[in-house]
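All remarks here apply to the structure that follows.
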Amino acid sequence: MSYVAHDESAFVPPAEVEEPELYHPKTFVGKYIWSQDAKVIAVQYAITAMAVGLVALVLSGLMRLQLGFPHSFSFITPDTYIQFVTMHGMIMVIYLLTALFLGGFGNYLIPLMVGARDMVFPYVNMLSYWVYLFAVLLLVAGFFVPGGPTGAGWTLYPPQAILEGTPGATWGIILMLVSLAFFIIGFTMGGLNYVVTVLQARTRGMTLMRLPLTVWGIFMATILALLAFPALFVSAIMMILDLTLGTSFFMPAIVAHGHQLDHSGGSPVLFQHLFWFFGHPEVYIVVLPAFGIISDLISVHARKNIFGYRMMVWAIVAIGGLSFIVWAHHMYVSGMNPYFGFFFATTTLIIAVPTALKVYNWVLTLWRGNIHLTVPMLFAIAFVFTFINGGLTGLFLGNVTVDLPLSDTMFVVAHFHMVMAVSPVLAMFGAIYHWYPKITGRMTDDTLGKVHFWFTFLGTYAIYYPMHYLGILGVPRRYYAVENIDFIPQSAHSLNAGITIAALIVGAAQLVFLYNVIWSYFKGKPSGGNPWQATTLEWQTPDTPPKHGNFGPTLPVVYRWAYDYSVPGVEQDFIPQNVPPDKVVTTSRGKA
């Protein structure tokens, strides 16, 4: 019996360049500390990001305790509350999600998935991690300096960010801004590596249109970051100069405590434009890798080729391009010209189109698939649900007339967290459970994984669904306490208490994840080389975990795309990318 596979070719062009020589360390320090192996660097990024993420998780718990049970905890003052808000937001968005998706998954998966020995610039890759670690240490140092960390809110808006009276308006804000500058320097080193490796280090036969969508998502997100981060970098430097040298980039003529300050002529709105020119692409810097990961997880665990692969690729590219012309929908209340509001509301609706295409294609991939409800698949399906929910509330906030009354309420917090926190975190967990067997050679515990999933998934909905109602009531965000306000009914206070209990349960559920990951590393069931029976190259390595150099003496050769699942007429329900057409076993037991 014959079979028909998509994008299969027996001809593979010859190699154009010789393989680069790898640096082989001989000491423990060279292998695991100052490592130039992308896989080790990926684990370093992941451990650091998750460690600082746990700090942010604790801060969110403290914030919720104050909101749910106001004035019950004497150590949470108005100043410390807004400091918790600021540090929680910045850590989660930049130092956890960006670092983990690009530095963690990018480093581990790109060389393996494109069939490369390592990143193109291993030494620069090593430096990128250590600069990132330095940035994290600078950020955390804010907790230990006079005045504590900055309490400017995670968006760091001037002039209040650097005016006396704001918590951490001297040492705290300087450490935050310098830390961000170093983070961007470190990311630029890593980002150039990711882009050049994808474009130049693919193995023979691995065309751009045979790349797994995970690589496409990380690749496009990296390009966005390389273009968007400079806006944040220059705004951080300019604000440092405003504070330390008395320049007036963002500081207008202003009176503080009855005294005229030396500043004049600066524009606070200029900072908002610079911040959000970075800030909205930042949403997709986090979400595009999640999109790619979810595409691969759904395809593998539904045993079905991804629906509309080329459409998915071009949707990623379109989302990346459009993300640069929607930034001012965060600024409808800044006093902009109404025609600008119309333009940005329109572009916000347009960017929903390629995003919706991806959702349709995920659903059509699941349609009539052989769905295996593994832990990674549960997280993938939960991501689709959650991103749809968060995206729908984004349509509300993208409309100027609806956004104006909802701006700076808890509705914005709920929307932002559904899109930018819960959705990427679900993708992150799905990816960790999916690739953990490749990274460690062991399976995680399935029961613990499902316990972790259900508490996390249902718990986050218990947190953020009611928050939309609070926002519609007009409950403001970032307020230390909201008692004795006429328009806020008692139901809002009861809901706040319930949300706090749900948040503490979800936070505690993450301990189950940590226990599972650590216990499985030592006691988990051996996974074998390809426990999910996946087609992509990282599952075809001769060793699990892969050794330095990834693929043994010879690099793999690619004959097909990454999604040959359940091909009619083939004995197995998957065909790896590196299996030649004449080696595919058909159902008649013959060679095709």
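Numbers below:
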{"quantity": "Enumeration of residues in the stretch 252-279 that are surrounded by 12 or more Cβ atoms within 10 Å (Cβ to Cβ) and either closer than 14 Å to residue 334 by Cα or acidic (Asp, Glu) (or both)", "calculated": "267, 268, 269, 270, 271, 272, 273, 274, 275, 276"}
{"quantity": "Among residues of the stretch 215-262, those that are among the hydrophobic types (A, V, I, L, M, F, W, C) and over 17 Å from residue 321 (Cα atoms), counted", "calculated": "20"}
{"quantity": "Only one of 173, 240, 184 that is touching a Ser or Thr at 6+ places or on another chain (Cβ under 6 Å), farther than 30 Å from residue 306 by Cβ and not in a loop (DSSP other than H, G, I, E, B)", "calculated": "173"}
{"quantity": "Exclusive hit being at pLDDT 95 or above and either surrounded by fewer than 20 Cβ atoms within 10 Å (Cβ to Cβ) or farther than 30 Å from residue 31 by Cβ (or both), set 502, 592", "calculated": "502"}
{"quantity": "From the options 429, 387, residue that is in a helix (DSSP H, G or I), closer than 24 Å to residue 350 by Cβ and among the hydrophobic types (A, V, I, L, M, F, W, C)", "calculated": "387"}
{"quantity": "Whichever residue in the stretch 364-384 is out of contact with any Leu (no Cβ under 6 Å at 6 or more places or on another chain) and assigned to a helix (DSSP H, G or I) and, among such residues, is most open to solvent (accessible area, probe 1.4 Å)", "calculated": "364"}
{"quantity": "Single residue of 417, 434, 468 found to be in a helix (DSSP H, G or I), over 17 Å from the mean Cα position of the chain (by Cα) and modelled with pLDDT of 95 or more", "calculated": "468"}
{"quantity": "Any pair with Cβ under 9 angstrom, 6 or more apart, that starts in the stretch 113-124 at a residue that is buried (at least 23 other Cβ atoms within 10 Å of the Cβ) and ends at one that is aromatic (Phe, Trp, Tyr) and in a loop (DSSP other than H, G, I, E, B)", "calculated": "115/551; 116/551; 118/23"}
{"quantity": "Output for the stretch 484-504, where each listed residue is hydrophobic (A, V, I, L, M, F, W, C) and not in a loop (DSSP other than H, G, I, E, B)", "calculated": "492, 495, 497, 499, 501, 502, 503, 504"}
{"quantity": "Unmet criterion (only one of (1) over 30 Å from residue 448 (Cα atoms); (2) open to solvent by 40 Å² or more (accessible area, probe 1.4 Å); (3) among the acidic types (Asp, Glu); (4) touching a residue at least 24 places away in the same chain (Cβ under 8 Å)) for residue 564", "calculated": "(2)"}
{"quantity": "Subset of the stretch 567-589 that is at pLDDT 90 or above and more than 19 Å from residue 202 (Cβ to Cβ) - its residue that is surrounded by the fewest Cβ atoms within 10 Å (Cβ to Cβ)", "calculated": "574"}
{"quantity": "Long-range neighbours under 6 Å by Cβ, at least six apart or interchain, first residue under 19 Å from residue 420 (Cα atoms) within the stretch 361-386, second open to solvent by 20 Å² or more (accessible area, probe 1.4 Å)", "calculated": "382/457"}
{"quantity": "Flag if residue 412 is among the hydrophobic types (A, V, I, L, M, F, W, C), at pLDDT 95 or above, more than 30 Å from residue 536 (Cβ to Cβ) and buried (at least 16 other Cβ atoms within 10 Å of the Cβ)", "calculated": "yes"}
{"quantity": "Selection within the stretch 440-449 - surrounded by 19 or more Cβ atoms within 10 Å (Cβ to Cβ) and either touching a Leu at 6+ places or on another chain (Cβ under 8 Å) or in a helix (DSSP H, G or I) (or both)", "calculated": "440, 449"}
{"quantity": "Residue within the stretch 437-453 that is of a type in the set (Phe, Trp, Tyr), over 16 Å from the mean Cα position of the chain (by Cα) and under 27 Å from residue 499 (Cα atoms) present", "calculated": "yes"}
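The values are calculated or read from the model by the stated rules, or taken from the named source; none is laboratory data. Just so we're clear, the structure is a prediction, and the values are computed from it rather than from any experiment. No Cβ is skipped: glycine too gets one built from the backbone with ideal geometry, and neighbour counts run over all protein chains shown. The area values use the complete protein model at the heavy-atom level, side chains included, leaving out ligands, DNA and RNA. Shrake-Rupley method; radii C 1.70, N 1.55, O 1.52, S 1.80 Å.
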